[in-house]
Structure formats: structure tokens, C-alpha cells
Amino acid sequence: MCGIVGYVGSKQAYPILINGLYRLEYRGYDSAGIAIIDGDLKMYKTKGKVADLENFVSGKDIKGTIGIAHTRWATHGEPNDVNAHPHYSESKQLALIHNGIIENYASLKEELIQRNYTFKSETDTEVLVYLIEDIMEKEGVPLEEAVRIALNQVIGAYAIVVISKNDPDMLIAARKGSPMVVGIGDDDFYIASDATPIAEYTKEVIYLDDEEIVCVRKGEKIILKTIKNKVKTPYIQKLEMNLTALEKGGFEHFMLKEIYEQPTSILDSFRGRLDAKKGLVKLGGISDYEQKMAKAKRIIIIACGTSWHAGLVGEYLFEDLARIPVEVEYASEFRYRNPVLNEDDIIIAISQSGETADTLAAIQLAKSKGATIIGICNVVGSSIPRTTHAGTYTHAGPEIGVASTKAFTAQVTVLTLMALRMAQMKGTIEKSKFHHLLYELESIPSKVEEALKVDEQIKELARIFTFARNFLYLGRGYNFPVALEGALKLKEISYIHAEGYPAAEMKHGPIALIDREMPVVVIATNKGTYDKVVSNIQEVKARNGRIIAIVTKGDTAVKELADYVIEVPETDELFVPLVATIPLQLLSYHIAVMRECNVDQPRNLAKSVTVE
Ligand code: G6P
């Protein structure tokens with residue numbers, strides 16, 4: 001949550017900072033602000049989005065070659081101008097931006113108040129910048145040392161950047177539990193919460209580790225140390241990020257673009273890892289651990305949100321194909337439940353951003369009990385892949401729309417590859433079936449391409465149901481997670497209450513809600529429990545519910561019953577989630593557009609949830 005950008009060098013900072021904020025806006029959009037040194041340390045901040053900030057500063061001549069900028073997802077203090085970042089120190093010599101939560105801010109604040117400091121905002125962040133200045137004054141140390149001392153007093157998570165009016169060529173940044181990337185230019189430096197604002201300026205980056213502080217000065221070498229004062233050698237990596245992936249590319253929204261990217265993103269997630277002709281599934285990132293995985297008595301999948309839904313599909317796949325028992329856990333519950341874990345356990349942590357705080361904390365817990373942690377992440381270099389023992393990137397490319405789409409199908413694809421590989425190693429799958437499934441998986445991108453062709457038809461449906469107040473999504477087997485994901489997408493971006501349910505469980509509760517006003521989306525593809533789902537549809541019809549059915553091309557039985565039918569291409573039951581999710585993503589998208597909701601930046605949500 002919260003996006004951070006910083007720049008120091010010879011270029012004008014403002015355009016770099018404002019563009020960076022636009023790139024990071026998916027992280028939070030309650031308020032935005034910029035601090036720039038132009039002789040004086042100037043600050044511009046406002047409630048609202050980055051565009052509001054741009055309006056706010058329009059006409060002002062903002063100059064300076066060093067600055068910091070922030071887009072906020074409020075934690076402490078409501079989203080308003082005062083609570084917006086950056087925050088000044090009391091003397092206004094320093095400005096600081098922060099992502100994360102200072103958990104002991106109340107006691108630190110109390111101490112500072114007793115020493116006559118007056119706070120202007122309700123944020124935990126202001127406490128930190130006051131504390132840094134206090135240490136500088138009290139102990140007579142330079143800023144970088146004061147930051148280090150202050151961070152040793154802080155409990156919680158942070159990614160911070162600080163600038164000082166008295167040292168206008170220096171940026172100081174530090175992180176713990178919140179991501180931070182430093183970009184190295186010719187004689188300049190870029191700092192950001194993720195690489196998206198940096199990619200257009202440099203390909204050389206350093207990902208900070210927890211409890212590291214970096215001090216960068218225009219034209220000078222980076223100084224990297226830990227908050228315990230241990231000097232470290234920066235590890236410079238090549239950034240592989242395609243700039244076109246950061247643009248809407250002619251689409252009205254990032255979400256729509258990302259939905260349409262799925263034939264390619266699914267292909268990218270198995271490219272080089274799957275060769276049907278040779279009967280090969282190869283996941284280089286986990287090869288050292290695959291023996292252990294195959295022998296595991298159980299696998300525990302931990303994730304949040306959409307990634308958790310992908311995990312559920314993973315459960316079906318691993319159990320079906322590789323006969324390994326799987327538990328799928330919400331990271332936020334798992335970590336507080338005193339789970340029974342041991343050294344034989346394999347944990348698969350799934351996360352698009354690689355930064356979700358609850359997932360990270362669950363990983364730490366499992367690691368402390370000796371479990372082996374395998375990651376499935378999308379953002380290269382993010383915190384989770386750097387914490388796990390091994391892992392596989394999904395390679396779906398940057399996902400900017402807050403509602404996850406292509407990351408989900410990429411996660412499911414990687415889970416499928418893992419399950420197939422385990423099945424092959426364990427001999428739990430017949431050779432002919434294994435080969436058939438590999439060929440089928442290779443054909444999924446073209447089937448997704450075909451599934452996207454229902455877009456116009458979905459638009460019509462969206463028109464009919466734009467103002468529905470509730471939606472029910474039903475599915476069984478592999479289609480149950482699809483139902484959950486369809487409902488989540490609708491909730492997230494159109495603010496319509498929607499529930500996903502196992503179709504057969506409907507009769508234990510949700511059936512009471514069904515009447516003429518209740519659209520019921522049933523994923524009724526032709527494999528698995530098809531006949532049972534047809535019975536469930538009949539139960540809904542008998543109560544006048546309106547059925548929108550997702551069926552396999554050529555279906556007849558459901559067509560007779562359903563009010564509206566959307567066809568998806570035929571595929572093996574195991575791969576149905578990859579095609580059946582597509583129309584549900586489109587349905588939520590079009591309904592949200594018709595309701596005039598902000599599709600890419602739905603209210604209250606953030607793409608990367610770095611608070612617990
Ligand atoms: C947030 C996002 C969701 C995402 C979830 C987990 O809630 O809005 O789209 O599914 O976090 O995020 P992760 O990055 O761990 O997959």
C-alpha cells in the first residue's frame with residue numbers, strides 16, 4: 001500500500017516524481033504529495049488522486065533536482081490534506097514519506113509531546129520524522145545516523161525516504177516489511193516502492209532488504225548499511241520490465257487490457273517449462289526441492305484474496321493428479337492460529353505482488369518451524385521470492401488494475417505445472433493422460449483467446465444486470481474456486497454484494513435469498529459434476545431465480561433451463577478454471593463500467609497490501 005518515489009540527480013525532479021506517482025497509484029489513492037528542494041524545502045499535497053495533486057500544483061513553477069513523492073492508502077488518520085505525505089519535521093528542515101505502520105507510534109509521540117513537540121497530523125509518520133530530527137539535535141549526529149538510530153526505536157513496518165534542506169544532494173531510504181527499489185542512473189538515483197516508476201530511466205536496480213538503509217548522493221557511490229550499522233555491498237540487478245506493459249495500450253482500463261492479455265500471459269507462465277511433444281514439465285526454480293515436494297505428506301498453500309482462490313484450484317490439482325493432501329489457508333488466519341507444522345511440511349505461498357504482509361508473516365512463521373517454503377509470485381525481486389527457499393515466477397507481467405485477473409490465471413497455470421510434475425515424479429498419472437494434459441495445457445492460450453470472444457454478449461448481460469443489488473455465484477469441483485473468484489471480482493470493482501458458493505451448499509442457506517431479483521451465475525461446464533449442477537440450476541429456477549450459466553460450447557441441457565448462457569471452449573476438467581474465469585472477469589468489468597465505478601482503482605482497496 002502507499003506508493004513512494006524519490007529522485008536525486010541533475011534532471012528536474014517534478015516530472016519524474018509525478019509520473020512515478022501515476023505508475024504507483026494502484027498502491028493507494030487517498031491523497032498524494034510531493035516535497036522538492038529548490039533552495040527551500042517546498043511541499044505540495046492534497047487529498048485525492050495524483051490528478052488532483054497535478055491540478056493543485058498547476059500554474060506553480062516547481063523546480064528542483066531532488067524530491068520525494070507519495071500516494072497514500074490511509075492507515076492512521078483519515079485521508080485529508082494534513083495527513084497526506086510528505087511530512088515535515090518540526091523545524092521544516094526535513095521531509096519524509098512512509099509506507100507501512102509504526103506500531104509504537106503512540107508511545108514515541110507521547111515522549112515527544114512531553115518535550116514540547118507539536119504535531120500537526122494524526123499520522124504515525126509524522127512521529128518518525130520528528131523523532132529523527134530530535135535525535136539529530138540531541139545527539140549532534142548527521143541525518144543518516146539519526147535515521148539509523150530512530151529506526152532502531154521503531155516497531156512495525158516501514159519503507160521511508162527522507163530529504164533535508166541542508167543537504168540538498170542526498171536521499172536516505174530504508175525498509176522493513178515494505179518494499180523499496182533503488183534505480184541507478186548515470187549520475188542520479190531513483191527510489192520507489194516498486195520498479196514501475198524507475199523502468200523508463202534505468203535498468204540497474206538494487207532491491208533493499210529488511211532493515212537496510214541506503215544513502216545516495218548525486219554523482220557519488222551508494223552507501224548501504226543495516227540499521228545495526230553493518231556496511232553492505234549493494235547487489236545490482238538487471239531490471240527486466242517492458243515499458244509497454246505499464247501503459248494501457250489503447251484499452252480504456254488496465255483491467256480490460258490485462259483480461260485481454262491472458263492468452264499471452266498464460267503462455268508466458270509456461271513458456272520454456274512445458275514441452276508436450278517431449279513429455280516434459282520443468283520448473284527450474286524448484287528443481288532442488290521437487291524431490292522433497294513429491295515425497296511430502298501434505299502441502300499447505302497460504303495466500304490472500306484472489307491468490308487464495310488460485311490456491312484452492314491448486315488443492316484440487318495436487319490431490320487429483322499427484323495424490324498429495326493439500327490444505328489451503330488464509331495467510332491472515334494461519335499465522336495467528338498456532339498451526340501444527342514440522343520440517344516435512346511444504347508450504348506454497350502464492351502472491352501476485354510478493355509483498356502481502358499477512359502472507360509474508362505466515363511464511364516467517366512456517367519457516368521458524370522448519371517447513372520448506374515454495375513461492376509462486378509475479379513481481380520479480382519482491383519480498384516473498386526473496387524469503388522463500390525456492391519458487392517459480394508467474395511471468396504474467398506487471399498487473400496494474402487493482403482487481404487481479406491475469407495474475408490469477410498465471411498462478412493457476414504454474415500450480416498446474418507443479419501438480420503435473422509431482423504426478424509425473426510420483427507415477428500417480430498414466431503416461432497417456434499425462435501427455436494428453438500437456439497438449440491440452442499448451443492449447444489453453446488459444447482457448448482463452450476464444451473465450452474472450454463473448455465480450456459483446458457479456459456487455460449485453462451487464463446492461464441487464466447493471467443495477468442488481470446482489471449476485472450469487474455457484475460452482476462445484478474445479479468450478480467452485482471460479483465461483484468465488486467471479487463473486488470477488490464483482491464485489492471489488494462494482495460494489496455489488498456477491499457471494500460465491502459451492503453449488504450444492506446453496507440448499508443449506510443461500511437458497512433462502514433466491515427470488516426474481518437474484519441473478520445466479522452458475523458455472524456449469526460439461527465435466528465433473530455436471531448432472532448435479534443441472535439439478536442445482538433446477539432448484540434455483542423453481543424459486544424464480546435468474547440463471548446466467550457458463551457452459552461448454554455445444555451444451556444443450558443447461559441452455560434449456562438458463563435465462564442467459566455464455567459458452568466457453570471445451571477443455572479438460574482440470575483446466576476449466578482457466579477458461580471459465582474469463583467471462584466472469586468481463587462481466588464484473590462491464591457492470592463496473594456501466595455503474596461508472598473506477599475500475600482500476602476501486603474504493604478502499606489497494607493492490608499491494610503491506611499492512612497486516
Ligand atoms: C489485495 C488485492 C487482491 C489480491 C490480494 C492478495 O487485496 O487487491 O487483488 O488478490 O491483495 O495479494 P497478492 O499480491 O498477495 O496476491
Exercise. Three principal axis extents, largest first, for the C-alpha atoms of the range 248-351, in Å?
Worked result: 50, 40, 23
Seminar exercise, completed: Binned at 10 Å starting from 0, the alpha-carbon pair-distance distribution of the range 247-429 in whole percents comes out as 10, 40, 35, 12, 2, 0
Exercise. Working out 0.36 nm times the residue gap between Ile222 and Ala51, then minus their Cα-Cα distance, what length gain in nm do you get to one decimal?
Worked result: 58.3 nm
Problem set entry | Dimensionless Rg over Rh [the range 3-241; C-alpha; Kirkwood] | 0.93
Exercise. Given H placed 1.01 Å from N in the peptide plane, which residues other than close sequence neighbours of Leu274 have an amide H under 5 Å from its amide H?
Worked result: Lys282
For this session: For Met170, enumerate residues with amide H under 5 Å from its amide H, sequence gap 5+ or separate chain, H modeled in the peptide plane.
Result: Ser164
For this session: In whole Hz, with x marking every Gly and Pro, tabulate ³J(HN,Hα) for the range 340-353 from phi via Karplus 6.51 cos²θ - 1.76 cosθ + 1.60, θ = phi - 60°.
Result: 7, 9, 8, 5, 7, 6, 10, 10, 10, 9, 10, 7, 4, 6
For this session: Would you kindly calculate the translational diffusion coefficient of the range 381-532, applying Stokes-Einstein with the Kirkwood radius from alpha carbon pairs, for 25 °C and a viscosity of 0.890 mPa s, and quote it in µm² s⁻¹ without decimals?
Result: 135
For this session: Compute the Rg to Rh ratio over the range 100-245 from the alpha carbon atoms, using the Kirkwood formula for Rh, and round to two decimal places.
Result: 1.00
Problem set entry | Ellipsoid equivalent to the range 175-331 - semi-axes via the Cα gyration tensor, in Å | 36, 23, 17
Exercise. Where does the range 93-163 land on the Kirkwood hydrodynamic radius, alpha-carbon pairs, in angstrom?
Worked result: 12.1
Exercise. Taking neighbour counts of Cβ atoms within 10 Å as a proxy for exposure, in what order, fewest first, do Thr581, Thr46, Thr244, Thr125 appear?
Worked result: Thr244, Thr46, Thr125, Thr581
Exercise. Using DSSP loop states and a limit of at most 15 other Cβ atoms within 10 Å to flag chymotrypsin sites (Phe, Trp or Tyr not before Pro), what is the longest stretch of the chain containing no flagged site?
Worked result: 337-466
Problem set entry | Sum of side-chain charges, Glu90 neighbourhood, beta-carbon under 11 Å (Lys, Arg +1; Asp, Glu -1) | -1
Seminar exercise, completed: The summed charge of the Glu144 Cβ neighbourhood (under 12 Å; Lys/Arg +1, Asp/Glu -1) stands at +1
For this session: For the chain, find the longest principal axis of its Cα atoms and tell me its angle to the long axis of helix 305-317, 0 to 90°, nearest 10.
Result: 40
Exercise. Ranked by Cβ crowding within 10 angstrom, fewest neighbours first, how are Arg27, Arg273, Arg298, Arg516 ordered?
Worked result: Arg516, Arg298, Arg273, Arg27
For this session: Scale the Cα Rg of the range 452-602 by the rule-of-thumb value 2.2 N^0.38 Å and send over the ratio, two decimals.
Result: 0.94
Exercise. Excluding Ser588 itself, what net charge comes from residues whose Cβ is under 11 Å from its Cβ, given Lys and Arg +1 and Asp and Glu -1?
Worked result: +1
For this session: Can you check how the C-alpha radius of gyration of the range 147-210 compares to 2.2 N^0.38 Å, as a plain ratio?
Result: 1.18
Problem set entry | Nearest 10 degrees, 0 to 90: helix 143-153 Cα axis against the chain principal axis | 50
Problem set entry | Karplus 3J(HN,Hα) series, Hz, for the range 269-284 with 6.51 cos²θ - 1.76 cosθ + 1.60 (x for Gly, Pro) | 6, 10, 4, x, 10, 9, 9, 5, 4, 8, x, 10, 10, 9, 10, x
Exercise. Non-local amide H neighbours of Ala349 (under 5 Å, H modeled in plane, Pro and chain starts lacking H): which ones?
Worked result: Ile302, Ile374, Gly375, Ile376
Exercise. Semi-axes of the chain's equivalent ellipsoid from the Cα gyration tensor, sqrt of 5 times each eigenvalue, largest first, rounded to whole Å?
Worked result: 45, 27, 22
For this session: Enumerate the calculated ³J(HN,Hα) couplings along the range 538-548 in order (Karplus 6.51 cos²θ - 1.76 cosθ + 1.60, θ = phi - 60°), each rounded to whole Hz, writing x wherever the residue is Gly or Pro.
Result: 4, 5, 5, 4, 4, 10, 6, x, 9, 9, 10
For this session: Return one number: the angle in degrees, 0 to 90 and rounded to the nearest 10, between the long axis of the Cα atoms of helix 406-426 and the longest principal axis of the Cα atoms of the chain.
Result: 60
For this session: Would you mind checking Lys431/Lys553; Lys278/Lys433; Lys277/Lys433 for any pair whose Cα atoms are more than 18 angstrom apart?
Result: Lys431/Lys553
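Bear in mind these aren't lab numbers, they're just calculated from the coordinates by the rules spelled out. Just so it is clear, the structure is predicted and the values come from calculations on it, not from any experiment. Every residue, glycine among them, receives a Cβ derived from its backbone with ideal geometry; neighbour counts consider all protein chains shown.
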